[in-house]
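Supplied in C-alpha cells, the structure appears directly below.
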Amino acid sequence: MEISVHNKLDDCWIYASNNVYNVTTFIKKHPGGLKSIMKYAGKDCSIHYKFHTKIGQKIWDKYKIGEIKNNNCCIIN
C-alpha cells in the first residue's frame, strides 16, 4: 500500500515511528492548523510527532490504521 498517495485534504495519511495514521477527520481539529499536517500528508512526520507531549501523542492512537513492517510494506489493521 502506497502511503504517499494519501496526500489530499479528503484522504490524508501520515506516518511516524513506523505507525500509519489516517488523519483525514483530524486535520481541521489539529491545534497547529491544517497546514501543519498537510505539509506532511503522505509522508514521514516522525520528527514532528516526537515534538508533541506524551498526551498529545496519545491522541493519535485512535487514528492509527497500521504499521510499516519494512521499507516496502505497510500492514493496515
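Can you list the residues, at least 5 places off or on another chain, whose amide H is less than 5 Å from the amide H of Lys43, using H built in the peptide plane?
Tyr15
Can you list residues whose amide H is under 5 Å from Val20's amide H, if they're 5+ apart or on another chain and H is modeled 1.01 Å from N?
Answer set, sorted by chain and number: Ile65, Gly66, Glu67, Ile68.
Pop out the ³J(HN,Hα) list for the range 39-48 in order, Karplus 6.51 cos²θ - 1.76 cosθ + 1.60 with θ = phi - 60°, rounded to Hz; leave Gly and Pro as x.
Ordered by residue, 3J(HN,Hα) equals 4, 10, 4, x, 10, 7, 10, 3, 4, 7 Hz.
Among DSSP bridges having both ends in the chain, what percentage is antiparallel? Round to the nearest 5.
For the chain, the DSSP antiparallel bridge percentage is about 95.
Which three lengths, in whole Å and largest first, does the chain cover when its Cα atoms are put on their principal axes?
32, 26, 20
Just so you know, all these numbers are worked out from the coordinates, no wet-lab data involved. Everything quoted here is computed from the prediction, not taken from an experiment.
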